[in-house]
Amino acid sequence: ARSQPAIPAVLGAELTVPLVTGERVPYANFDHAASTPCLAQVRDGIDELLPWYASVHRGAGFGSQVTTKVYERARRIVGEFVGARRGDDVIFTRNTTDSFNLLARALPKHTAVVQFDTEHHAALLPWRGPYVSRLATPESVADALSAVDSALASSPVGPRLLVLSAASNVTGELWPIRELSAVARKHGARVALDAAQLVAHRPVDMTEFDVDYLVFSGHKLYAPFGAGALIGRADWLRAAPPYLAGGGASKQVRAEAGTLHVSWQDGAQRHEAGSPNVVGVHAIAIACATLSRHWTAIERHERELTHRLRAGLDTVPGLRRLALFTPERAGLGVISCGIAGTDPGLLACALSAEHGIGVRVGAFCAHLATRRLLDDQTEGRAALRVSIGLGTTEEQVDRLVAGLRGLVRNGPRWSYEVLDGDWAP
Ligand code: PMP
């Protein structure tokens with residue numbers, strides 16, 4: 001056997017799930033592009049913190065001191081993990097969606113926002129109004145660059161922001177971040193990067209990418225749900241009204257003749273009113289520190305499995321891998337497929353019930369991108385997505401490919417009640 005460099009262990013490797021026959025088999029999770037399982041180190045780190053946690057930033061007791069230290073250390077670790085510049089704020093949020101909504105509220109008035117309509121809804125929907133330009137899905141990288149160039153050239157004078165994905169959660173393709181940020185710079189625009197799909201799979205570096213803001217979610221970074229981050233230039237963020245009004249965001253509150261006078265915090269805490277998710281933030285910091293020590297092994301693991309998965313899926317009759325640009329740009333182990341003449345919802349049910357395999361069907365909160373890529377006539381309105389991660393094994397890939405081939409050829413062995421209609425979520 002070849003010796004492989006170690007990759008960090010995730011929870012759930014020993015789970016078994018029931019099949020329609022009543023037999024139990026090891027669970028094969030192919031839905032890492034939705035959420036990733038928890039790292040063993042993250043679980044251990046949470047266990048260590050739980051007995052200690054107490055009021056953050058406020059209490060004088062030892063538990064509060066520990067909690068505050070853990071919380072503020074997490075800011076440093078996350079900042080380093082994403083290559084933040086000196087002076088950038090690291091603001092903890094609930095998730096990527098929350099981070100983008102916060103940023104949208106912090107933009108100076110009349111900021112022109114430019115983006116592609118292929119974005120995940122978390123990145124697509126928070127910007128509203130006449131200053132938003134949504135560009136049609138580009139056919140090629142060259143198209144993408146020239147579309148951004150002309151949109152920014154014709155945008156009104158004033159602040160400008162290009163909102164961009166680092167990697168697609170539909171196709172696994174890597175966007176040409178540096179090339180696009182260079183175009184943005186030419187027009188004096190800032191760049192906000194949706195790194196939700198990239199952070200767990202490749203190192204990110206805001207300085208090297210030359211982007212001003214970066215957002216991600218803990219639950220896609222091998223940490224639990226409920227915490228995410230927005231990292232970026234402090235000036236707009238500190239000039240904006242607090243995202244939430246409340247304790248923690250306020251420095252001082254006075255009442256004069258029945259009127260409240262509030263001064264708000266200047267730093268990241270300005271946008272973190274209320275007791276924060278210290279456990280979630282600690283989990284993110286441990287995940288960042290752990291992944292940083294294993295990039296070479298992680299990339300190798302994912303590259304080998306992705307190669308095996310692509311080759312296997314290409315043997316499934318009628319299956320087409322979806323790509324915005326070209327399948328060759330698909331750097332990550334996320335593959336969405338159209339399968340001619342079959343119902344992907346039925347395939348997904350049967351993969352789970354007959355093979356113990358979890359995949360996802362739908363439009364993946366990127367309706368415009370997914371729908372554009374599917375051939376509605378033969379492939380329908382929903383795609384089938386498989387995505388790998390640290391817990392994925394060769395055996396699971398082979399089981400998925402064999403299961404899918406059998407189902408496409410012979411149909412399911414049992415009948416299932418598949419959710420009707422639009423598998424859009
Ligand atoms: N952007 C991308 C590229 C994503 O993959 C996701 C999660 N699927 C999001 C944004 C939204 O993340 P969340 O639901 O955690 O806010």
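The values are calculated or read from the model by the stated rules, or taken from the named source; none is laboratory data. As the structure is a prediction and not an experimental result, all values here were calculated from the model. Using ideal geometry, Cβ is built from the backbone for each residue, glycine included, and neighbour counts are taken over all protein chains shown.
Key figures
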{"read-out": "Residue, surrounded by the most Cβ atoms within 10 Å (Cβ to Cβ), within region 350-409, restricted to residues that are polar (S, T, N, Q) and within 16 Å of the ligand (Cβ to nearest atom)", "value": "387"}
{"read-out": "Strands (runs of 3 or more DSSP E) contained in region 15-99 and holding at least 3 residues over 22 Å from residue 295 (Cα atoms) and touching an Asp or Glu at 6+ places or on another chain (Cβ under 9 Å)", "value": "89-93"}
{"read-out": "Test set (1) under 18 Å from the mean Cα position of the chain (by Cα); (2) at pLDDT below 95; (3) among the aliphatic types (A, V, I, L, M) - residue 332 fails condition number", "value": "(2)"}
{"read-out": "Subset tally (residues that are in a helix (DSSP H, G or I), more than 13 Å from residue 201 (Cα to Cα) and of a type in the set (A, V, I, L, M)) for region 260-302", "value": "9"}
{"read-out": "Among residues of region 29-45, those that are within 21 Å of the chain's Cα centre (by Cα) and away from the ligand (no atom under 16 Å from the Cβ), counted", "value": "5"}
{"read-out": "Failed item in (1) away from the ligand (no atom under 16 Å from the Cβ); (2) under 15 Å from residue 268 (Cα atoms), with residue 94 passing the rest", "value": "(1)"}
{"read-out": "Top-ranked residue in region 114-132 [being in contact with a strand residue (DSSP E or B) (Cβ under 6 Å, 6 or more places away or on another chain) and outside any loop (DSSP other than H, G, I, E, B); ranked as surrounded by the fewest Cβ atoms within 10 Å (Cβ to Cβ)]", "value": "132"}
{"read-out": "Checking residue 103 against (1) part of a loop (DSSP other than H, G, I, E, B); (2) crowded, with 22+ Cβ neighbours inside 10 Å, the condition it does not meet", "value": "(1)"}
{"read-out": "Helices (runs of 4 or more DSSP H) contained in region 303-380 and holding at least 2 residues in contact with a Ser or Thr (Cβ under 6 Å, 6 or more places away or on another chain)", "value": "367-373"}
